[in-house]
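Colleague: The structure follows.
The values are calculated or read from the model by the stated rules, or taken from the named source; none is laboratory data. This is a predicted model, so every value here is computed, not measured. No Cβ is skipped: glycine too gets one built from the backbone with ideal geometry, and neighbour counts run over all protein chains shown.
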Amino acid sequence: MRYKNIKTGVVIETTSNLTGEAWKPASEFKKKKKEETPKEEYIEEEINLEEMTNKELDKFAKEHDIHLTTEDKKSKKTRINAIVKAFE
């Protein structure tokens, strides 16, 4: 017979009868269905990198864990190219 400890939630199976207030037959408990965790919804967002300033591009790169090298920071165009390449 299966028993569940109502304090700890531990379930054991034994041929002996268990006594005590903490142990109840597992059949007394309804099996709970696993609650599905909500999946992250992917929302496509259109971002115009050309309209951003260099400072905004640097911030955008940092927020998306994109490391910009000194070479990438030479100009706005090189920043944009590095960001676009990181998303490919």
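Colleague: Suppose we keep only residues that are over 24 Å from the mean Cα position of the chain (by Cα) and of a type in the set (Asp, Glu) within the stretch 66-88. Which one would you say is nearest to residue 47 (Cα to Cα)?
Modeller: Ranking the qualifying residues of the stretch 66-88, first place goes to 72.
Colleague: Considering only the stretch 1-25, state which residues are among the basic types (Lys, Arg) and either modelled with pLDDT under 80 or exposed (fewer than 11 other Cβ atoms within 10 Å of the Cβ) (or both).
Modeller: 7
Colleague: For the stretch 68-87, check the following and say yes or no: at least one residue is part of a strand (DSSP E or B) and loosely packed, with under 13 Cβ neighbours inside 10 Å.
Modeller: Checked against the condition, which is being part of a strand (DSSP E or B) and loosely packed, with under 13 Cβ neighbours inside 10 Å, the stretch 68-87 yields no hits at all.
Colleague: Could I ask something else about it? Determine which single condition residue 65 fails, assuming it passes every other condition in (1) at pLDDT 90 or above; (2) surrounded by 12 or more Cβ atoms within 10 Å (Cβ to Cβ); (3) in a loop (DSSP other than H, G, I, E, B).
Modeller: (2)
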